[in-house]
Structures are given as structure tokens and as C-alpha cells.
Amino acid sequence: MKAYLTALEDKDYRAAYERLTSESRSMHSFDEFRRAAEQAGPIYDLERMEAEELGPDRMQVSVGLAEDPAFQSVVLKREDKQWRIVFYSGSPAAPTAE
């Protein structure tokens, strides 16, 4: 999760896109992802992260917002022995699994 958000912050959109699940990549082309990622998104406090298992191959990671006491939650799925971001809707900086 930290590597994904860092890649977005560094504008390394290809690296961020590669961290999505294969299903998420099939739903969003790289160009579509890049255009959306170039829009302003929330700023995260990467030191405030909490993980919760949702099953053997799914977890939810909550990341603190830098300018707010709130958290943004993101679902990850284990795929090819790596945790990948589930991005069905929302924005690259705030992906949702719905």
C-alpha cells in the first residue's frame, strides 16, 4: 500500500498501475488511470496505517489523511504472492472495491 501511494505521489503512474489487481487493470486502461491520477487527491500520512484481514487473500488497509484525523480504507487482494490494490471505482488516490 505504501509503495502504491508513494508511486502516485512521485507521479510514477506506471509503477502505481502495476500494483493494481489484474481485474482492476482490466477495468481501467493505463491511460485512463494516468489521467485520473493526475487530478489532485488526498494527501496521506503514510506513518498512520492499520491493516485488517478480510480473509486469507484479502485485507483492508486504512491510511490516515494528513490534514484530517480521518482514514481512507483500501481493499487489497493477494495475487501472484503479492498484495495488490483493488480499484473498481473512485479515483487512483482513493480507490474503492465497489
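Every number here is computed from the coordinates shown, using simple stated rules; none is lab data. Values in this document were obtained by computation on a predicted structure and should not be read as measured data. Neighbour counts are summed over all protein chains in view; Cβ atoms, including those assigned to glycine, are modelled from backbone coordinates with ideal geometry.
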Quick check on Asp80: is it exposed (fewer than 15 other Cβ atoms within 10 Å of the Cβ), without any contact (Cβ under 8 Å) to a residue 60 or more places away in the chain, touching a Lys or Arg at 6+ places or on another chain (Cβ under 7 Å) and farther than 14 Å from Tyr4 by Cα? no
Per-region count, the stretch 4-29, residues exposed (fewer than 13 other Cβ atoms within 10 Å of the Cβ) and of a type outside the set (D, E, K, R): 3
The condition of being touching a strand residue (DSSP E or B) at 6+ places or on another chain (Cβ under 6 Å), among the small types (Gly, Ala, Ser) and loosely packed, with under 15 Cβ neighbours inside 10 Å holds, among Ala51, Ala70, Ala40, only for Ala51
